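Since the structure comes first, as structure tokens, the remarks are kept for the end.
What follows draws every value from the coordinates through simple rules; no lab data is involved. None of these values were measured; they are calculated from a predicted model. When we count neighbours, we look across all protein chains shown, and the Cβ atoms used for this are built from the backbone with ideal geometry, even at glycine.
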Amino acid sequence: MSIPNIHKDGSTLNIKMQGGFNLWIKNMILNHINKKTNLLKIDLTECKIIDSEGIIFLHQWQQEGKELHLINPPEVFFELLEILELDNSWQPNVINTD
């Protein structure tokens, strides 16, 4: 499992995924979040695997009224939204740079 590149910029937490997004990565991100953090910018360009823990974490973050920008999510992200029946109720802010 590759460690993501995480850095803070004011109230924004910038994350560049290097491999997969699972419970271990979610917990790593949570360790960087503080009360001032209100935007997660997550570059998923290099992300090959994302599991339900990652999807649920992102969904809950946005449901709490916090901002979320997902850059180049992998196709499996959208497949999991369908499996978890979130595809019709949750429209995350997706930025495609390809």
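Taking amide hydrogens as modeled 1.01 Å from N in the peptide plane, which residues meet the under 5 Å criterion relative to ILE71, leaving out close sequence neighbours?
ILE42, ASP43, LEU44, ILE95
Taking loop as defined by DSSP and a crowding limit of 16 other beta carbons within 10 Å, which trypsin sites (Lys or Arg not before Pro) in region 39-98 fit?
In loop regions of region 39-98 (DSSP not H, G, I, E or B), the sparsely surrounded trypsin sites (Lys or Arg not before Pro) are LYS48, LYS66.
Comparing LYS35, LYS16, LYS26, which has the greatest mean-square fluctuation in the GNM of the chain with Cα pairs linked when under 10 Å apart?
LYS35
Nothing charged except the Cβ atoms of Lys and Arg (+1) and of Asp and Glu (-1): what's the magnitude of the dipole of the chain about its Cα centre? Round to the nearest 20 debye.
Numbers: 8 positive and 13 negative charges, 129 e Å.
Once rounded to the nearest 20, the dipole reads 620 debye.
Taking the chain as a Gaussian network, Cα atoms linked when under 10 Å apart, which of ASN34, ASN72, ASN88 shows the biggest mean-square fluctuation?
Of the options given, ASN88 has the highest mean-square fluctuation.
Name the residues whose placed amide hydrogens come within less than 5 Å of the amide hydrogen of ILE50, ignoring near sequence neighbours (fewer than 5 apart) on the same chain.
Amide H neighbours of ILE50: PHE21.
Could you state the per residue volume, in Å³, of the convex hull enclosing the Cα atoms of the chain? Walk me through the numbers on the way to the answer.
Values: hull volume 8.7 nm³, N = 98.
Per residue, the Cα convex hull of the chain comes to 89 Å³.
Ignoring the sites themselves, what is the longest stretch of the chain with no GluC sites (Glu not before Pro) in a DSSP loop and at most 11 other beta-carbon atoms within 10 Å?
On the way: sites that count: GLU64, GLU85.
Counting at most 11 other Cβ atoms within 10 Å as exposed, the longest clean stretch of the chain is 1-63.
Tell me which lysines have Cα within less than 25 Å of LYS35's Cα, excluding those fewer than 8 residues away on the same chain?
Leaving aside lysines fewer than 8 places away in the same chain, those within reach of LYS35 are LYS8, LYS16, LYS26, LYS66.
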